[in-house]
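**Student:** Can you keep this structure in mind? I'll have questions shortly.
Each reported figure results from applying straightforward, stated rules to the coordinates on display, with no laboratory input. What you see is a predicted model, and the numbers here were worked out from it, not measured in a lab. A quick note on method: Cβ atoms are made from the backbone with ideal geometry, for glycine too, and the neighbour counts reach across all protein chains shown.
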Amino acid sequence: MTATQTNNKLYDIDQIRQQARQSIEEGAVTEDYPLDREQACQFLNEALATEILCVMRYRHHQVIAKGINYPQVAAEFAEHAEQEQEHTMMLAERIDQLGGDPDFNPATIMERSSTEYGSTGANIELTQLIKEDLVAERIAIEVYRKLVGFFGHADPTTRHIVESILEDEEDHASELADLLAAIDPRTKPS
């Protein structure tokens, strides 16, 4: 190691050690967290509400799915509900790590969610259920893309979580588009 390399360190370990000992009650959030944590948690709580609503919609659709193709579609709804539940916990845990309060309040889920619950009733066509879920997935994809941009390089941990969820949402949309095309040949996959 040359003298120049010794003097041009990427970081000062003594300073990092001192900062790490301060505010230890903050857990994973260090002094140099560059984003507004309140705003970050608000955005994540909106995503959390969306995921909670998606779990409920997929479970509802799983139960009410009818028709000749319903076993295959109901199984897809069940799988998506389970993955949306995983997303819920990923987001809630990250909000907690950032010092926020994961908002599971059922009274405000609808107003915080970017997606809608969808149709209710006993005689909803299977294609309608798939379309509602596909629209919801497409909305979620757009929202998560915007969140990736917000967290960017400033918070790579949250960005990674959001990118992982985004990948799943894109898979869900693709699977739903394929199901819709298989059940209703008049529908052209996008």
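**Student:** In whole angstrom, note down how far apart the Cα centers of the stretch 104-166 and the stretch 69-95 are.
**Tutor:** 11 Å
**Student:** Moving to a separate point now. Angle check, please: helix 70-97 long axis (alpha carbons) against the longest principal axis of the chain (alpha carbons), in degrees 0 to 90, nearest 10.
**Tutor:** Its long axis makes an angle of about 20 degrees.
**Student:** Next question, about the same structure. What is the helix-to-structure angle for 156-183, meaning the angle in degrees between its Cα long axis and the longest Cα principal axis of the chain, kept from 0 to 90 and rounded to the nearest 10?
**Tutor:** For 156-183 against the chain, the angle is about 10 degrees.
**Student:** Order these peptides, 131-142, 40-51, 72-83, by their mean beta-carbon neighbour count within 10 angstrom, highest first.
**Tutor:** Put in order of decreasing packing, that is 40-51, 131-142, 72-83.
**Student:** Still on this structure, please answer the following. Taking Cα pairs under 8 Å and at least six residues apart, what relative contact order does the chain come out at, in percent?
**Tutor:** Computed value for the chain: 23 percent relative contact order.
**Student:** If you don't mind, there's one more thing I want to ask. With +1 assigned to the C-beta of every Lys and Arg and -1 to the C-beta of every Asp and Glu, and no other charges, what is the dipole magnitude of the stretch 54-190 about the Cα centre in debye, to the nearest 20?
**Tutor:** It comes to approximately 440 debye.
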